[in-house]
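The next block holds one structure in the form of structure tokens; read it before the comments.
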Amino acid sequence: MKPTAKKKLLLAIALISSTSFSIVTHALEVGQPAPQFVLPSLQDNKPIELKNYAGKVLYIDFWASWCAPCRTSFPLLDALHKKLHAKGFEVLGVNLDEDKAKAEEFIKELPVGFTLLNDGKGEWADKYVIESMPTSFIVDKHGIVKHIHNGFTSGDIVELEKTITALLAE
């Protein structure tokens, strides 16, 4: 029995849909490589490439100026960054504000010493499938996502530090 043109078209659509879906979920699961990006620095628009952080343990934090839990996380992440930076830990804060001035105002109120990036169009937020704010990814020295963290309360920092410290010891 020969498939009709309509059946071939439906099969092709199903194949494309399932392939597209698997690419998105594949890159975001714990145990998979972190999607590589190049984003401009929030401070000076200098391009920053994720691949330049190979060999480091990363905390990639997607945040926005309107995010209340981000106001809690920033000082705690900054303190953790200062504490563990010399051991190979980096924090990359990826801002999602469409209006860069709002992000800059946030940083004036809550200055940090870690790298801040601008994803105002949400291109990489889409690729990482950010569904809540903040959403963070802990990435090991080999670029593999080891933990995904949604939201933030002050008590979260204790478990996050344990996870990061264990990865730094590997």
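Starting with the highest mean, order 145-156, 52-63 by the number of other Cβ atoms within 10 Å, averaged over the residues of each peptide.
52-63, 145-156
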Can you tell me the FRET efficiency between L168 and A54 if r is taken as the Cβ-Cβ distance and R0 is 22 Å, rounded to the nearest 0.05?
0.90
At E161 and K121, where each label point lies 7 Å from the Cα along Cα→Cβ, what is the point-to-point distance in nanometres?
3.9
Of K46/K83; K100/K162; K83/K108; K87/K108; K121/K141, those spanning more than 24 Å from alpha-carbon to alpha-carbon
K46/K83; K100/K162; K87/K108; K121/K141
Starting from the Cα-Cα distance between E109 and K87, subtract it from 0.36 nm times their residue separation and give me the gain in nm to one decimal.
5.1 nm
Counting heavy atoms of the protein chains only and a 1.4 Å probe, report the per residue accessible area for the stretch 42-170 as a whole number of Å².
49
Cut-off 18 Å (backbone N to label point 7 Å along Cα→Cβ of A79), residues of the stretch 138-170
152-165
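If eta is 1.567 mPa s and T is 4 °C, what Stokes-Einstein diffusion coefficient results for the stretch 76-153, Kirkwood Rh from Cα pairs, in µm²/s?
Working: Rh = 13.7 Å.
Taking Rh from Cα pairs, D becomes 94 µm²/s.
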How many angstrom separate the Cα center of the stretch 85-99 from the Cα center of the stretch 108-163?
7
Among rounded, prolate and oblate, which fits the stretch 18-165 when a ≥ b ≥ c are the square roots of the eigenvalues of its C-alpha gyration tensor, a/c under 1.5 means rounded, and a/b larger than b/c means prolate?
rounded
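Considering only protein heavy atoms and a 1.4 Å probe, what is the carbon-and-sulfur percentage of the accessible area of the stretch 49-170?
52
Which order, highest average first, do 38-45, 71-78 follow once you tally other Cβ atoms within 10 Å for each residue and take the mean per peptide?
Values: 38-45: 14.1, 71-78: 19.9.
Going by the mean number of other Cβ atoms within 10 Å, highest first, we get 71-78, 38-45.
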What residue among G93, I164, S136 has its Cα farthest toward the positive end of the dipole of the stretch 77-170, where the charges are +1 on Lys, Arg and -1 on Asp, Glu, each on the Cβ?
I164
How large is the convex hull of the Cα atoms of the stretch 56-95 per residue, expressed in Å³ as a whole number?
50
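The values are calculated or read from the model by the stated rules, or taken from the named source; none is laboratory data. Only a predicted model underlies this, so the values are computations on that prediction, with no experimental measurement involved. Every residue, glycine among them, receives a Cβ derived from its backbone with ideal geometry; neighbour counts consider all protein chains shown. Ligands, DNA and RNA are excluded from the accessible area calculation, which covers all protein heavy atoms including side chains. Shrake-Rupley method; radii C 1.70, N 1.55, O 1.52, S 1.80 Å.
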